[in-house]
Amino acid sequence: MLGYIVRRLMSAFLVVVLTSMFVFLLFFKGPSNPAEPLCNLNGKCTPEKLAILTEQLGYNDSVVHQYGIYVGGFFHDRTISFGPKYHCDAPCLGISFRTRNEVTSELVEKFPATLSIAVGGASIYLTLGVLLGTLAARRRGTLLDRSLVTFSVTVSAVPYYVIALMVWIYVSLQWKLIEDTSYHPITSDPLHWATGLALPWAVIGLTSSTAYARYSRGQMIETLGEDYVRTAVAKGVSERGVVIRHALRAAIVPIITIFGLDFAFLLTGTIFTEVIFQIDGVGKWAIQALRSPVDFPVVSATVLFGAVIIVLANLIVDLLYAVIDPRVRLA
Amino acid sequence: MTLDRGEMIEQESVLGHDPSLEDQPEAAKEIAGKSPTQIALSRLRKDKVATLCIAVIVLLVLVAVLAPVITRIFGVYWNVSDPKAPNTTDVLAFDGYPKVGPPFNSFTWDHPLGVAPRLGYDNLAYLVYGLRTSLIVCVAATVISTIIGVVLGLMAGFSRGWVDRVISFITDLLLAFPFLLAMLALSPIITSRFSTDQDKLRIATITSLITILIIFGWMGLARLIRGQVLSLREREFILAAEVIGVPTRQILFKELLPNLIAPIVISISLGLPGFVAAEAGLSFLGLGISGYPSLGKMVSDAAPYYADYGLYLWLPVGAIALLTLSLNLLGDSVRDAFDPRTRR
């Protein structure tokens, strides 16, 4: 077990290092001149101004040297100068071209909104999905089961953003049922936090629960056919007891695995949610940074951040899976 | 070939050519078993949902293929910089809303589905060309990613040792990353690199979009194929082929591949709607293609006009929903038809 954890940690670390190199190469060597958007930001970009900025930002140095400085910024403070000098505390991801703030502190500021959307949406769709799936499996073949399956197939066949956009436009803007969709920190006002995010949560919950409903329905039908379930029924355990204590516990393991992998996607997938519902999170921030002139430090930071989150989520799922499911043996 | 007869019939008919049956009398033909593909096709033919979906898809494909003809018949243009297109000042009023057609004027044959406010392109022309882009992107991405997935899956499954380990590592790594992140990273780079040349930018964005979709689209199939090959390679017909010295390439593509038709067909039919949704979604965020019409971009253009110009918004939304819905439902039907466990 310990050996497995060490090996898994090492491979996760390797992936993070590779991703940081990839992001660095892409953003610092990919554009014809990464200093150009900065140069275009304040008035006319003259060749002299561009040359000064390129030199100041260190783009004339070798790639290895630049990467060293970039990675060094994660561990100790850096001073970045373009025009005026900016102090950047560790972990430093650069200075935003547009707002001239530290990218790290802006990221820390935007992340709670994204996390709130993801956590709230995920808890709704997980509960709803497993609940509906179990219900459909118990009433297999009935009208309820069939209409649930049809509904879930139809909803998951249409792209998420189409549904989200239509809900936003009609429910929020046109009919003004829930007008306020915005993020308020949970620490300052928990009620406002919940009401502000209720609509995005509901949309994520309803659209994503369909896949989980179908999946847990299949799992439940399978486990309900197992011998030990029949044994439990035979010895007189109540139906509720059989379904919850015996079947659901066995059926939920693969669902949890899928959920863990999904959660990472959900975090990055909130881009659509944030852009559509106008919530100030990491996703909307990244999309706004793309507007010309591109805010390269912000975009590169979000990409690196997203990648690290995904690696971490996978790591946690892999380790948890070994704990939850006794059948998984790791040598 | 060293296959037993039943296997051969199965494989040959899968490939659509059945020489073993041609020179036999009628009676023998009747008792010859149906191949899984034939069973699946006959099931699909009886499936009402699948038939309806195929009809819708054929219609949409026809509209996309005939886009130049349709636009010429109506005399409409998606590109306002087209020399023959009407001047934007002729079709748009000062407030940005169209002077002709919906929402405030009566229907006109000059612009059957209206004109886009502020941007001044014709909705019908943009819609049919956007459909064309969607279909081109999804077909290209599906075909190439299927080929890559099949080849890598076969290689990983059949070769024991480091080839398998390398391919499996890359598969797992890429499976963990969403393409959205990759597109977010790549899109500003491409825009800044080709910002001076519109023609090059347009080619670069569409190629990079298709490339990203391919890079992030092959792993599921590769994994599936690898799993199938792992079990198939222990079967007698493969072992026999190896023993008599059939070259590896021939074993892979002549012996193994025909047995993998079902997962490949299923993955193609479920992959298509995914790529359509991905392309439109990226364009909606402004990460997709620029310079070509796209349904996703039309949605993001139209979203602000939801209140007084609902038609403009519902056109692309309806097109995306119809296309993905019919492709997805067809994919589900195809999967059910190929699944030996489902009985009808």
- request: Look at segment B:267-306 and say how many of its residues are facing chain A (nearest Cβ under 7 Å) and either open to solvent by 30 Å² or more (accessible area, probe 1.4 Å) or hydroxyl-bearing (S, T, Y) (or both).
  value: 2
- prompt: Restricting attention to segment B:269-316, which residues are among the β-branched types (V, I, T) and either in contact with a Lys or Arg (Cβ under 8 Å, 6 or more places away or on another chain) or in contact (Cβ under 8 Å) with a residue 40 or more places away in the chain (or both)?
  reply: B:V276, B:I289
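Suppose the filter is crowded, with 17+ Cβ neighbours inside 10 Å, within 13 Å of chain B (Cβ to nearest Cβ), modelled with pLDDT of 80 or more and assigned to a helix (DSSP H, G or I); does A:L18 pass it?
So A:L18 does not fit the description; no.
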query: Can you name the residue in segment A:82-96 that is over 25 Å from the mean Cα position of the chain (by Cα) and part of a loop (DSSP other than H, G, I, E, B) and is also surrounded by the fewest Cβ atoms within 10 Å (Cβ to Cβ) among such residues?
result: A:P84
task: May I ask you to say which residue of A:R217, A:R249, A:R240, A:R245 is more than 26 Å from the chain's Cα centre (by Cα), in a helix (DSSP H, G or I) and closer than 22 Å to A:T142 by Cβ?
output: A:R240
- prompt: Among the listed residues B:T108, B:T88, which satisfies the condition of being surrounded by 14 or more Cβ atoms within 10 Å (Cβ to Cβ), more than 27 Å from the chain's Cα centre (by Cα) and over 30 Å from A:T150 (Cα atoms)?
  reply: B:T88
query: So which residues in segment B:187-210 are without any contact (Cβ under 8 Å) to a residue 60 or more places away in the chain, facing chain A (nearest Cβ under 7 Å) and either surrounded by 19 or more Cβ atoms within 10 Å (Cβ to Cβ) or touching a strand residue (DSSP E or B) at 6+ places or on another chain (Cβ under 7 Å) (or both)?
result: B:P188, B:I189, B:S192
- prompt: Which of the residues belonging to segment B:123-150 are over 19 Å from the mean Cα position of the chain (by Cα) and either surrounded by fewer than 22 Cβ atoms within 10 Å (Cβ to Cβ) or not in a helix (DSSP H, G or I) (or both)?
  reply: B:L124
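With respect to A:T134, determine if the residue is more than 19 Å from the chain's Cα centre (by Cα) and open to solvent by 10 Å² or more (accessible area, probe 1.4 Å).
Working: more than 19 Å from the chain's Cα centre (by Cα): yes; open to solvent by 10 Å² or more (accessible area, probe 1.4 Å): yes.
So A:T134 fits the description; yes.
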- prompt: Based on what the data block shows, is B:I320 more than 10 Å from every other protein chain (Cβ to nearest Cβ), closer than 21 Å to B:V61 by Cβ and either over 14 Å from the mean Cα position of the chain (by Cα) or open to solvent by less than 20 Å² (accessible area, probe 1.4 Å) (or both)?
  reply: no
- prompt: Of the residues that make up segment A:42-65, is at least one touching a residue at least 40 places away in the same chain (Cβ under 8 Å), open to solvent by less than 70 Å² (accessible area, probe 1.4 Å), under 19 Å from B:S192 (Cβ atoms) and out of contact with any strand residue (DSSP E or B) (no Cβ under 8 Å at 6 or more places or on another chain)?
  reply: no
field: Pairs with Cβ under 6 Å, 6+ apart, first in segment A:132-159 and touching a residue at least 40 places away in the same chain (Cβ under 8 Å) and under 25 Å from A:F272 (Cα atoms), second of a type in the set (S, T, N, Q) and not in a helix (DSSP H, G or I)
entry: none
- prompt: Is it the case that A:L165 is open to solvent by 40 Å² or more (accessible area, probe 1.4 Å) and either within 10 Å of chain B (Cβ to nearest Cβ) or assigned to a helix (DSSP H, G or I) (or both)?
  reply: no
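The values are calculated or read from the model by the stated rules, or taken from the named source; none is laboratory data. Keep in mind that this is a model prediction, so the values were computed, not measured. Note that we place each Cβ from the backbone using ideal geometry, even for glycine, and neighbour counts take in every protein chain shown. Calculation scope for accessible area: heavy atoms of the full protein, side chains included, ligands and nucleic acids excluded. Shrake-Rupley method; radii C 1.70, N 1.55, O 1.52, S 1.80 Å.
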